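Participant: Starting off with a structure, shown below.
The values are calculated or read from the model by the stated rules, or taken from the named source; none is laboratory data. Keep in mind that this is a model prediction, so the values were computed, not measured. Counting neighbours? That spans all protein chains shown, and the Cβs are built from the backbone with ideal geometry, glycine included.
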Amino acid sequence: MSGFRSGRVLILGLFALLVLGGFAAGNPTILSADNLSSMAVFAVELGIIAFGQGLVIAGGDGAIDLSVGAMSALAQILAALFIMRGLPWPAGVCAGVLAGAAMGGCNAAAITRFRIPPIIATLGTMFAFTGLALIASGGNTIDLTAAPARFLAMGQGSVLGVPFQILCLYLPLLGLLVLIQHRSRFGRALYLNGTNATAAWLAGIHVNRLRATTYVLSGALSGLAGVIAAARLGTATPDGVPEANLISIAIVVLGGASIFGGDGSPVGTAIATLAIAVVNYGLNYNDFNPTLQAGMMGLILVLVVLVENLVRGRLPRLIAAARSRRKIA
Amino acid sequence: APAHGRAETFQIGFVPKVIGIPYFSAMQQGFLKGGRAFDARIVYQGPTTSSVAAQAQIVQSLINRKLDAVAVAANSPTALQAQANHARERGVTFASTDSQVDGDAVSLRVMQATDEAIAHTLVDQLAAQIEGGGQIAFVSGGPIATNLNLWISLMKSYLAAKYPKLELVSVQYAGEDISKATEITSQILSAYPGLKGIIGVNTTATPGAAQAVLQAGLSGKVAVTGIDDPNTIRTYVLNGTVKSAVLWNPVDLGYLTVWGLTQLLQHKALHPQNAVPGLGTIAYDATTKTLLLGQPMIFTKENISLDF
Amino acid sequence: MKTPALNIGRAAPALHRPARVPIAWRALLARRETALLGVIVLVVAAVSLGAHAGFWTRVNLDGLMVTSAITAVPAAGMTLVILTGGIDASVGSMLGLVSAIGGLLFVAGWPVAVVVPVFVLAGAVLGWINGLIILCGRVPPIVCTLGTLSIFRMGVFLIMGSAWITALPPGLTRFFVADHLGPLPGAAVIALAVMAVLAAFLRVHRTGRRLFAIGNNEEAARLVGIPVRRLRWATYALLGACVGLGALMRLGQSPIVQTTTGGGFELGVIAAVVLGGTELSGGRGGMVGTFLGTLVVGLIGDAIVLMHIQPFWSGVVLGVVILASVGVNEGRRARQVVS
Amino acid sequence: MNRLELRGIVKSFGGVRALKGVDAVIAAGRTLVLLGENGAGKSTLIKTLTGAVRPEEGEILIDGTPVVLRDPMHARALGITAVYQEPMIFPHLSVLENVFAGCEITDRFGRVRTEAMLGAVRPWLSSLDLAESLLHRPMADLGLGHQQLVLIAQALVQDARVIVFDEPTAILSRAETDRLVGIINRLRDDGRAIVYITHRLEEVPRLGDHVTVLTDGRVTGDYAASDVTEDLLLRLMMGRRHDTRQDDGTRQDGGEAARPPAAAASSTPPVLSIRGLSHPRHFHDVDWDVAAGRITGIYGLVGAGRSEVAMTVFGALRAAGGRIVLDGREISPRSPAEAMALGIGYLPEDRKKQGIFAPMGLESNLTCTGLARLSHGGWLLDFPALLAETRAVMRRFAIKAGTPETAIGTLSGGNQQKGLFARWAGQALRVLILDEPTRGIDLATKAEIHGFIRQLAEAGTAIVVITSDLAELMAVSQDVIVMRQGRVVDRVQGAALTAERVLASAIGAATTGHEHTGRERAA
Ligand SMILES: Nc1ncnc2c1ncn2[C@@H]1O[C@H](COP(=O)(O)OP(=O)(O)OP(=O)(O)O)[C@@H](O)[C@H]1O
Ligand SMILES: Nc1ncnc2c1ncn2[C@@H]1O[C@H](COP(=O)(O)OP(=O)(O)OP(=O)(O)O)[C@@H](O)[C@H]1O
Ligand SMILES: [Mg+2]
Ligand SMILES: [Mg+2]
């Protein structure tokens, strides 16, 4: 399986378990079904956005999507407007996802047709989509508490005791993405391109088509996340998931992807999302100083990567050095 | 871990819109003061940015902890309704304070002053400083802050009705960033050279606007007023850039919230008029379940030394 | 081991070696700097000719220059970092933390002459810490600085609690904003000086050229004996110092420190640098572009208010101008290559 | 006096032991030639010398004193410099800056003194035949061959006491090689110590004072250059493989005897014909005809524009004028993908930049051109098939690597090159263009690859081999096109094909008769 740093996934998984264990030692009730599902529910949207970001980043060659938060905001506003105008809710949901895909298409066009470096292109569209979300909503949040119950269930309901969006959206998506990224020809081409775009181009890979697809997918996933957020909160907000732009990148690299592309896996992304969710929720729940939360994300990011470097690089070398020293002696 | 001490010690959670700003710290002081007075333990948790999603998560975790009550200064009137319903199901008393949550799952709302009163006071303060009318501008915080937007619209209609000579030429948003407010205000001053007055709609816009007016050398020529706490605006009141600022006492607001919640938790009824220890008589509206702290306060050179 | 593709952002044409351009001005047209200059001329013409004559007033120009200077100084440092193939996403929180530390010292009554260097020094130390994690811990720059972005912010919360710092010396405002050298407010003079010195350094100094070499090919730089680690580390520390200076100027512009001070600042700084044509993959770009990039971002924000554009549209306008100016520019480059 | 002495050097990468205790002596005023099959450990040994790699065991002595080389900077300070096998360039810096990277000439304040640097490099320019006008161009503008020459200049200007060359001539043609040999011999006579790695045996006697043969990380032979014969070297280098492999090609590569039966100029219409193809910068009015079942060699000096024509045919570069006709139909592929769909394949010359996916496994690297074939329904990868194909290819081309998952970037240069070749070998194509296909590949495998190229041609593919190795050109090609400075200057086939004529055309020393061949044809 290409692009799958099992080491990172292992460390992160262990880390999440350890943290959860620590919190549970402080307050065992954190392991209740309520708390576990809350943890998951609040992380789903960011997790889905991070999937899209992961696809984009895997394509490499500087690919990045800074507009994910803005896309999810505009998408949820559009979906909400449609639904409140009386459009059937499934059509509204589709509209949100398609709007996201269309915005991703704008990014793709700017990057592959007009050759604007991805970071500038998506920075520009981030400003633009955020502005459009404000314009479309008139600067107000849109009240969806009166929307069809089925729609709200997308964010608030549960199936077999598991939150709807986890069981019916997130996990299937995870499976699908594993298939796409690790088993499909598209995924292979994506990783090849991410590793060496020039070589991939010369090996006959449709580089632009490939990259455009990742941006469109990222847009669609952001749109979906926006719609879920709207359903969960019963409210569409024009600032959507504002922290998603940078945090989604952090999650993807935390999950083991290289920012230069050609690496990373949806499983890693999912575990990274989980680790962050556990820590954030656990800090609240165990009544830690709320200011600590501000830094947790960063501490995890830096520490996990440092630990991994130690395990992968320094330790084996130290051991080898010790061994050879013993041999000499 | 929550300590289950004496049976009558209630645990009350307070989730501000955002932590790390003086206004909500003052409310926190009020909560702690109320906690001491009415025997409640206060849990203070909040998001580091005024984000709806982050706030919902924190409220949810407090409900899951089965505190006795949770009070929230909501970033959106609708987005926390799911949490309110959830709280009701689990027997957690849910209140909103400062910025309200809609819906009937909310057991108590505590308001600093009516929105109309705030909007009218702001406009009245500015109008009093501008002779003969002219152009004015609003500088607000985040473009989607519900209560700020409500005040803006109330101010607009009040202006139209009462001060036709004051012409609102621009409403700009600076987020919760004083520096940005300064920048935007100096741009407004350039765009409208005849500008007569500015209203800052939140506690970051007002000092920012004042700084820009001061830097442009327009102190006294362009009137600045707005919502702000005395600590933040003091410099500008003392140097004459700002003649008056409008706020209420956030400490009292927090204190009142604790009082109201402990009344509910002890199953004591709230009356149209209540004698609250330390606050005097407080009105209660049973149809909206709203406690009203009173009228907005006006800070001028005389009382700007107040500290909260 | 991963070598970022040399021509990040434009995979395919990496092979299309640029064709020789017979006439010099065509090469000039393809430069990012030219495109930005064009945008500046257009926007200035539009705001001056538009019905609203406020642009050329002292208040507006001062505001524009001070605002741009606050971004420009950190952007100058960021240019060096990005040129070596690094990036620093933590400058927003770094600015906040430096402001908080310095602000508290001011409040504690330390004399201005002592605190001012502390700002620069504190910034340098924070940058040095980034460098430490990146170069000794071998953590990729984006990972490290996204991390320290939130760690530094936590630092702000921890040392400030939730009180804003308001009692700052008025001298900062006087020096950076009120005092002028010719038409330039103090902040602008300092920013220009910093940029000029760094531009010259990059262009003619051995170490400056070596920074380019590192960004071009880090492995090769190491093999020819360039002290890669030391130099990259130094760029982070230098950026930190620049951020410290920026923090001071920002306190001159608005003398209050909030716990959120500097939030989102990093995007503006990085945007100015990449808009200016410095490539994220390193090795290409320069200070003139950064200067123009900073000016464009400041100018567009200014023009939006001056031209009475509805505030909600400001994001759309800014986004479209960025896309258009870079798009036209890159399109021209691509066409040249294909012909 | 021994300038440099290596004693018992051991180095392993993960599980692979690249060097298993190597001893070597490098003396001032002498040239040490290192020979060995791909993956024998030559480059690794060099890297330990320059501080780029730290040996786990063993000692390095400079002028008799043991030193620990901390890093390349340290080694440089001690007077050791190298031209590495993989070109180490700074693409966006000027050529001049590339030459002086890390050892800039500056004034007291650290300001770079361009004039002084120009003065210092000028003497070397003419001996390397580099135009002075190149110095101010960005390095990325230069072809790989020119880049190699610049890197050699980089080593020369440093006035080092020990200079190491790791396959410097792999993509240089005979003329450049001759010049380089001259320079090296001059440096040696100057009292410098030289280490030289090559796979081209014909260079050995002209350079070597001393030859060391490396096999599997061990020294297996140590001779004075005058004592060794090609036969002996071959046997030593190939060790046990020697007996099991057919070695006909190997020998024949040296001479011209084994050239494939040069059937008279084919009367069948060419599969690929290029007419008047021009690019404002790289080539002008180029005509090529490539027939099915034949191998067309393209020869030229560095910078002749051969790679650029090939890339244009492959859709990687856009021409300004002219026509490309494939099977009688005019084509203008806009991307390599399109060209591939038309049945054209291209093995690029720049292994590192254009070829390998360094951190990815061999499996991904070897199968990337055949993914459509190796997946279910064209989109779901068939892993067993991918692995089977990879294993088969690894065996066939003797790619020395642990498993199909081994990252290709960790293989030796020659093994990487084999991988790249294998990528195209399995494709069904009308035209296959191979740009320096055996660059850095050891003798035994080279012969096999030549055999394989012939098989492909016999199966009907039109093959173009762009090579700077005159011996290779003579060994495989039936038709030869010679280019110089972006123009076709000669075409030869059959009995007329001699090394002398090709070389003469390439360097422009030939009678004017050949000069206009291209134009006459076009007219
Ligand atoms: N960085 C590395 N990581 C892992 N293995 C490596 C690395 N560098 C070299 N090796 C291994 O060490 C062995 C020797 O490689 P080296 O490059 O020295 O061979 P070489 O003699 O130069 O071959 P060639 O003629 O093909 O260039 C090979 O098996 C190679 O795969
Ligand atoms: N004398 C010269 N002065 C300047 N530039 C030259 C000169 N000769 C060739 N060039 C340039 O060199 C480049 C072609 O180099 P390149 O080495 O790729 O050609 P090539 O025929 O493929 O040779 P090789 O594959 O052997 O390196 C072109 O950009 C060409 O313009
Ligand atoms: Mg080698
Ligand atoms: Mg070539």
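Participant: Among B:Glu131, B:Glu176, B:Glu167, which is the only one that is farther than 25 Å from B:Ala73 by Cα and either β-branched (Val, Ile, Thr) or in a loop (DSSP other than H, G, I, E, B) (or both)?
Facilitator: From the options B:Glu131, B:Glu176, B:Glu167, the qualifying one is B:Glu131.
Participant: Mind checking which residues of segment D:270-301 are away from every other protein chain (no Cβ under 14 Å) and part of a loop (DSSP other than H, G, I, E, B)? Spell out how you get there, then give the answer.
Facilitator: Narrowing segment D:270-301 to residues away from every other protein chain (no Cβ under 14 Å): D:270-277, D:285-301.
Residues satisfying the conditions are D:Pro270, D:Val271, D:Ala291, D:Ala292, D:Gly293, D:Arg294, D:Leu301.
Participant: Being surrounded by fewer than 20 Cβ atoms within 10 Å (Cβ to Cβ) and within 14 Å of another protein chain (Cβ to nearest Cβ) is the filter here; which residues of segment C:99-139 pass it?
Facilitator: Within segment C:99-139, C:Val107, C:Ile129, C:Leu132, C:Leu135, C:Cys136, C:Gly137, C:Arg138 meet the criteria.
Participant: Sort out which residues of segment D:413-438 are under 15 Å from D:Gly345 (Cα atoms), β-branched (Val, Ile, Thr) and within 16 Å of ligand 4 (Cβ to nearest atom), and write them in order of number.
Facilitator: D:Ile433
Participant: Can you find, within segment D:422-438, the residue that is farthest from ligand 2 (Cβ to nearest atom) among those that are buried (at least 24 other Cβ atoms within 10 Å of the Cβ) and within 30 Å of D:Leu19 (Cβ to Cβ)?
Facilitator: D:Ala422
Participant: Among the residues of segment C:209-256, how many are touching a Lys or Arg at 6+ places or on another chain (Cβ under 9 Å) and within 14 Å of chain B (Cβ to nearest Cβ)?
Facilitator: The total comes to 2.
Participant: Right, another one. Would you point out the residue of segment D:167-191, among those that are among the charged types (D, E, K, R) and part of a helix (DSSP H, G or I), that is surrounded by the fewest Cβ atoms within 10 Å (Cβ to Cβ)? Please lay out each step first, then the result.
Facilitator: So in segment D:167-191, the residues among the charged types (D, E, K, R) come out as D:167, D:174, D:176, D:178-179, D:186, D:188-190.
Of the ones still in play, those that are also part of a helix (DSSP H, G or I) are D:174, D:176, D:178-179, D:186, D:188-189.
On the way: D:Arg174: 22, D:Glu176: 24, D:Asp178: 16, D:Arg179: 17, D:Arg186: 11, D:Arg188: 19, D:Asp189: 9.
Filtering segment D:167-191 for residues that are among the charged types (D, E, K, R) and part of a helix (DSSP H, G or I), the one surrounded by the fewest Cβ atoms within 10 Å (Cβ to Cβ) comes out as D:Asp189.
Participant: Kindly indicate whether any position in segment D:21-38 is within 13 Å of ligand 1 (Cβ to nearest atom) and acidic (Asp, Glu).
Facilitator: yes
Participant: Which of the following residues is surrounded by 23 or more Cβ atoms within 10 Å (Cβ to Cβ) and under 20 Å from D:Leu61 (Cα atoms): D:Val213, D:Val164?
Facilitator: Criteria check complete, one pass: D:Val164.
Participant: Exactly one of (1) more than 14 Å from ligand 4 (Cβ to nearest atom); (2) of a type in the set (Asp, Glu); (3) within 25 Å of D:Ala131 (Cβ to Cβ) is unmet by D:Asp327. Its number?
Facilitator: D:Asp327 satisfies every listed condition except (3).
Participant: Among the numbered conditions (1) under 30 Å from C:Phe212 (Cα atoms); (2) crowded, with 22+ Cβ neighbours inside 10 Å; (3) touching a strand residue (DSSP E or B) at 6+ places or on another chain (Cβ under 7 Å); (4) of a type outside the set (A, V, I, L, M), tell me where D:Arg137 comes up short.
Facilitator: Every listed condition holds for D:Arg137 apart from (2).
Participant: Kindly indicate whether A:Leu160 is free of Cβ contacts under 8 Å to residues at least 40 places away in the same chain and in contact with a Leu (Cβ under 8 Å, 6 or more places away or on another chain).
Facilitator: Answer is yes for this residue.
Participant: Output the residue which, of all residues in segment C:177-214 that are modelled with pLDDT under 85 and in a helix (DSSP H, G or I), is farthest from C:Gly86 (Cα to Cα).
Facilitator: Among residues in segment C:177-214 that are modelled with pLDDT under 85 and in a helix (DSSP H, G or I), the one farthest from C:Gly86 (Cα to Cα) is C:Ala178.
Participant: In segment A:1-114, which helices (runs of 4 or more DSSP H) lie fully inside it and hold 2 or more residues that are more than 19 Å from the chain's Cα centre (by Cα) and of a type in the set (Asp, Glu)?
Facilitator: No helices (runs of 4 or more DSSP H) qualify here.
Participant: Which numbered condition in (1) within 14 Å of chain C (Cβ to nearest Cβ); (2) of a type outside the set (Gly, Ala, Ser); (3) farther than 22 Å from A:Ile111 by Cβ; (4) assigned to a helix (DSSP H, G or I) is the only one that A:Val178 fails?
Facilitator: Of (1) within 14 Å of chain C (Cβ to nearest Cβ); (2) of a type outside the set (Gly, Ala, Ser); (3) farther than 22 Å from A:Ile111 by Cβ; (4) assigned to a helix (DSSP H, G or I), only one is false for A:Val178: (1).
Participant: Okay, next question. For the condition touching a helix residue (DSSP H, G or I) at 6+ places or on another chain (Cβ under 9 Å) and either farther than 15 Å from D:Glu86 by Cα or charged (D, E, K, R) (or both), what is the one hit in D:Leu172, D:Leu149, D:Leu180, D:Leu144?
Facilitator: Exactly one of D:Leu172, D:Leu149, D:Leu180, D:Leu144 is touching a helix residue (DSSP H, G or I) at 6+ places or on another chain (Cβ under 9 Å) and either farther than 15 Å from D:Glu86 by Cα or charged (D, E, K, R) (or both), namely D:Leu180.
Participant: Looking only at residues that are within 16 Å of ligand 3 (Cβ to nearest atom) and closer than 24 Å to D:Arg373 by Cα in segment D:419-436, which one is nearest to the other protein chains (Cβ to nearest Cβ)?
Facilitator: My answer is D:Leu420.
Participant: Exactly one of these conditions fails for D:Ala372: (1) under 23 Å from the mean Cα position of the chain (by Cα); (2) not in a helix (DSSP H, G or I). Give me its number.
Facilitator: Unmet condition: (1).
Participant: Quick check on my filter: what residues within segment D:79-88 are away from ligand 2 (no atom under 16 Å from the Cβ) and either surrounded by fewer than 19 Cβ atoms within 10 Å (Cβ to Cβ) or at the interface with chain C (Cβ under 9 Å from one of its Cβ atoms) (or both)?
Facilitator: D:Gly79, D:Thr81, D:Ala82, D:Tyr84, D:Met88 - these are the residues of segment D:79-88 that are away from ligand 2 (no atom under 16 Å from the Cβ) and either surrounded by fewer than 19 Cβ atoms within 10 Å (Cβ to Cβ) or at the interface with chain C (Cβ under 9 Å from one of its Cβ atoms) (or both).
Participant: Name every residue in segment D:342-367 that is surrounded by fewer than 22 Cβ atoms within 10 Å (Cβ to Cβ), of a type in the set (A, V, I, L, M, F, W, C) and either within 16 Å of ligand 1 (Cβ to nearest atom) or within 27 Å of D:Thr445 (Cα to Cα) (or both), in order of residue number.
Facilitator: The one that is surrounded by fewer than 22 Cβ atoms within 10 Å (Cβ to Cβ), of a type in the set (A, V, I, L, M, F, W, C) and either within 16 Å of ligand 1 (Cβ to nearest atom) or within 27 Å of D:Thr445 (Cα to Cα) (or both): D:Ala358.
Participant: Further question on the same structure: Restricting to segment D:302-320, name every residue that is in a loop (DSSP other than H, G, I, E, B) and near ligand 2 (Cβ under 8 Å from one of its atoms). Lay out the reasoning, then the answer.
Facilitator: So in segment D:302-320, the residues in a loop (DSSP other than H, G, I, E, B) come out as D:302-305, D:314-320.
D:Val302, D:Gly303, D:Ala304, D:Gly305, listed by residue number.
Participant: Of everything in segment D:36-54 that's crowded, with 22+ Cβ neighbours inside 10 Å and touching a helix residue (DSSP H, G or I) at 6+ places or on another chain (Cβ under 6 Å), which residue is nearest to D:Gly409 (Cα to Cα)?
Facilitator: D:Gly39
Participant: Tell me which of these A:Val227 doesn't satisfy, since it passes every other one: (1) out of contact with any helix residue (DSSP H, G or I) (no Cβ under 6 Å at 6 or more places or on another chain); (2) more than 7 Å from every other protein chain (Cβ to nearest Cβ).
Facilitator: Every listed condition holds for A:Val227 apart from (1).
Participant: Which ones in segment D:402-418 are within 6 Å of ligand 1 (Cβ to nearest atom) and either more than 14 Å from chain C (Cβ to nearest Cβ) or buried (at least 21 other Cβ atoms within 10 Å of the Cβ) (or both)?
Facilitator: Once the filter is applied, which keeps residues that are within 6 Å of ligand 1 (Cβ to nearest atom) and either more than 14 Å from chain C (Cβ to nearest Cβ) or buried (at least 21 other Cβ atoms within 10 Å of the Cβ) (or both), segment D:402-418 yields D:Leu411, D:Ser412, D:Gly413, D:Gly414, D:Asn415.
Participant: Is it true that some residue in segment D:323-341 is away from chain A (no Cβ under 14 Å), more than 16 Å from ligand 3 (Cβ to nearest atom) and surrounded by 19 or more Cβ atoms within 10 Å (Cβ to Cβ)?
Facilitator: There is at least one residue in segment D:323-341 that is away from chain A (no Cβ under 14 Å), more than 16 Å from ligand 3 (Cβ to nearest atom) and surrounded by 19 or more Cβ atoms within 10 Å (Cβ to Cβ).
Participant: For D:Leu470, state whether it is within 14 Å of chain A (Cβ to nearest Cβ) and more than 16 Å from ligand 1 (Cβ to nearest atom).
Facilitator: no
Participant: Give B:Thr185, B:Thr225, B:Thr203, B:Thr232 a once-over and let me know the one that is in a loop (DSSP other than H, G, I, E, B), polar (S, T, N, Q) and touching a residue at least 12 places away in the same chain (Cβ under 8 Å).
Facilitator: The unique qualifying residue is B:Thr203.
Participant: For segment A:38-89, what are the residues that are more than 9 Å from every other protein chain (Cβ to nearest Cβ), charged (D, E, K, R) and closer than 30 Å to C:Ile82 by Cα?
Facilitator: Scanning segment A:38-89 gives a single hit, A:Asp65.
Participant: Only residues that are without any contact (Cβ under 8 Å) to a residue 40 or more places away in the chain and closer than 19 Å to C:Val194 by Cβ: list them for segment C:61-117, please.
Facilitator: Just the residues of segment C:61-117 that are without any contact (Cβ under 8 Å) to a residue 40 or more places away in the chain, to begin with: C:105, C:108-111, C:113-115, C:117.
Correct list: C:Pro117 only.
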